[in-house]
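All of the numbers you see were taken from the coordinates with simple rules; none came from a lab. Computed from a predicted structure; not experimentally measured. As a convention, Cβ positions derive from the backbone with ideal geometry for all residues, glycine included, and neighbour counts pool all protein chains shown.
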Amino acid sequence: MLREIRQNEKISYHIEGPFFIIRLVKPDNLNALEGEDYIYLGELLELADKNSDVYFTILQSTGRFFSSGADFKGIARAQMDDGVKYASETSKWLSNFVARNVYVTDAFIKHSKVLVCCLNGPAIGLSAALVALCDIVYSINDKVYLLYPFANLGLITEGGTSVSLPLKFGPNATYERLVFNKPFKYDIMCQNGFISKNFRMPSSDAEAFNEEVLKELREKVEGLYLPSCLGMKKLLKANHIDSFNKINSLEVNGSLQYWVDGEPLRRFGQLSSKERKHRL
Ligand code: CO8
């Protein structure tokens, strides 16, 4: 039974057989997402979780980027949110950062269906953190990368990346890229088996790529006993679930002080006015 859920203009979803397909549909700003959009993503994952006909949750996107992470306009709005609602800066960022971030990360960590990401282009920040929480990743070509620009934005690791990145890429490779704000490019994603298949399609063909992945998945699941897939996901997840649950809390509580002190706000402002750039 599909329960009703609100709509979101940046994220669409539909169900096709055993696949719950979530698509980012705001390519104009490279699929940047605001806090409410990340909450919506979490709600969609819950919806997929509760649907017993669904076995795979598939993340797709549109345009040249998978997602450029937190929308700096949304951050600016949260900063201006100075009404009577919040008793202090701590209270404001608990609501605008901690609660949202911990919720969407938790939705990915505990998700019971197999999470498949169709990486049609680069992913940045919290969105890249969610990609690293997926079980299977397919790439459109070798131009994809993941960037966690926390050191450039006055932030620290979030979205479970303190665990997911060392787990998937190794601790030293992770240190080098996080500390010096460098992307995880296609080569390291391939070396570590992070990407299961490169579809070798032009970056302008996201739609065709999404369709091609789905076509292959339809063929791959043919004849399988799908509850076995979920049973195995549960066991594979058991290896690391305690570490993820612990780090989700440590990360957001650690980040809170950075938001209260204000350095991320200053740097997001510079990013928005193009005074600051990421090294790619
Ligand atoms: N927010 C809003 N708009 C964006 C964003 C963004 N994150 N990224 C790109 N855009 C917009 C640009 O402003 C531009 O719009 P316009 O055409 O109107 O000027 C359009 O998308 C295209 O972008 P560019 O012209 O900059 O394209 P380039 O190819 O030159 O550069 C980049 C692409 C490198 C992705 C560059 O746009 C960039 O650095 N973007 C910012 C990425 C970023 O730092 N994101 C934040 C990551 S940190 C994070 O996600 C954790 C935050 C935690 C808060 C979570 C709350 C729940």
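In terms of the Cα gyration tensor, with a ≥ b ≥ c the square roots of its eigenvalues, is segment 82-215 rounded because a/c is under 1.5, prolate because a/b exceeds b/c, or oblate?
Values: a/c = 2.08, a/b = 1.63, b/c = 1.27.
Verdict is prolate for segment 82-215.
So what is the calculated 222 nm ellipticity per residue for the chain, using -39500 (n - 2.57) for each DSSP H run with n of 4 or more, over all residues, to the nearest 500 deg cm²/dmol? Display every interim value, and only then the final one.
Working: 13 runs with 137 residues, N = 280.
Using -39500 (n - 2.57) per qualifying helix, the result is -14500 deg cm²/dmol.
Show me the ranking of peptides 193-199, 180-186 by mean Cβ neighbours inside 10 Å, starting with the highest.
Ranked from most to least packed, the peptides come out as 180-186, 193-199.
For a test of the definition: using alpha carbon positions, the gyration tensor, and the 1.5 limit on a/c, classify segment 132-280 as rounded, prolate or oblate.
Working: a/c = 2.28, a/b = 1.42, b/c = 1.61.
Oblate shape, in that a/c is at least 1.5 and b/c is the bigger or equal ratio.
Of the beta bridges DSSP finds with both residues in segment 1-154, what % are antiparallel, to the nearest 5? Could the numbers behind the result be given before it?
Values: 7 of 24 bridges.
Among the beta bridges of segment 1-154, antiparallel pairing accounts for roughly 30 percent.
Rounded, prolate or oblate: which fits segment 54-136 when a ≥ b ≥ c are the square roots of the eigenvalues of the alpha-carbon gyration tensor, with rounded for a/c under 1.5 and prolate only if a/b beats b/c? Walk me through the intermediate numbers first.
Working: a/c = 3.51, a/b = 1.77, b/c = 1.98.
Oblate.
Rounded to the nearest 5, what % of the DSSP beta bridges within segment 1-67 are antiparallel ones? Before the final figure, lay out each step's value.
Working: 7 of 12 bridges.
Antiparallel: roughly 60 percent of the beta bridges in segment 1-67.
State log₁₀ I(q)/I(0) for segment 127-186 at q = 0.19, 0.22 Å⁻¹ as given by the Debye formula over alpha-carbon point scatterers of equal weight, solvent excluded.
Result of the Debye calculation: -0.66, -0.89.
Membrane-span-like helices in the chain: DSSP H runs reaching 24 Å or more (Cα, own axis), mean Kyte hydropathy at least -1.0? Spell out each step's value before the answer.
On the way: long enough: 241-261 (31 Å, -0.27).
Both cut-offs are met by 241-261.
How big is the chain along each principal axis, measuring the range of its Cα positions in Å and listing the largest first?
Principal extents (largest minus smallest coordinate, Cα): 56, 40, 37 Å.
Report, as a whole number in µm² per second, the diffusion coefficient that Stokes-Einstein gives for segment 106-145 at 20 °C and 1.002 mPa s using the Kirkwood radius over alpha carbon pairs. List each step's numbers first, then the result.
Values: Rh = 10.6 Å.
D, rounded to a whole number, is 202 µm²/s.
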